[in-house]
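Working notes, beginning with the structure itself.
We did not get these values from a lab; they are worked out from the coordinates using the rules stated. Please read these numbers as outputs of a predicted model, since none were measured by experiment. Every residue, glycine as well, gets a Cβ built from its backbone with ideal geometry; the counts of neighbours run over all protein chains shown.
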């Protein structure tokens, strides 16, 4: 099982997006995105929705294999 941040990093890299490029696409800073990928924080619902759109996955697809506890 992966953490939220690990899954996000995996999908971002699978789409060939750098931390900088992905942060720009979703309208946030690299620091905020790095904190999310490190599981130090979680995105707001609206930011998460932007992430899903850029990564072209549904929430269900995103959470496959993610340990939510």
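Values computed for the structure shown
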| quantity | calculated |
| --- | --- |
| Degrees, to the nearest 10: 45-55 long Cα axis against longest axis of the chain | 80 degrees |
| Cα long-axis angle, helix 4-14 against the chain (0 to 90 degrees, to the nearest 10) | 60 degrees |
| D_trans [Stokes-Einstein, Kirkwood Rh over alpha-carbon pairs] for the chain, 10 °C, 1.306 mPa s, µm² s⁻¹ | 134 µm²/s |
| Difference of contour (0.36 nm per residue) and Cα-Cα distance, residue 40 to residue 14 | 7.2 nm |
| Relative contact order, percent, the chain [alpha-carbon distance under 8 Å, six or more residues apart] | 49 percent |
| Net lengthening on full extension, residue 6/residue 58 (0.36 nm per residue, minus Cα-Cα) | 17.0 nm |
| Segments 26-37, 58-69, 11-22 sorted - mean Cβ within 10 Å per residue, highest first | 26-37, 11-22, 58-69 |
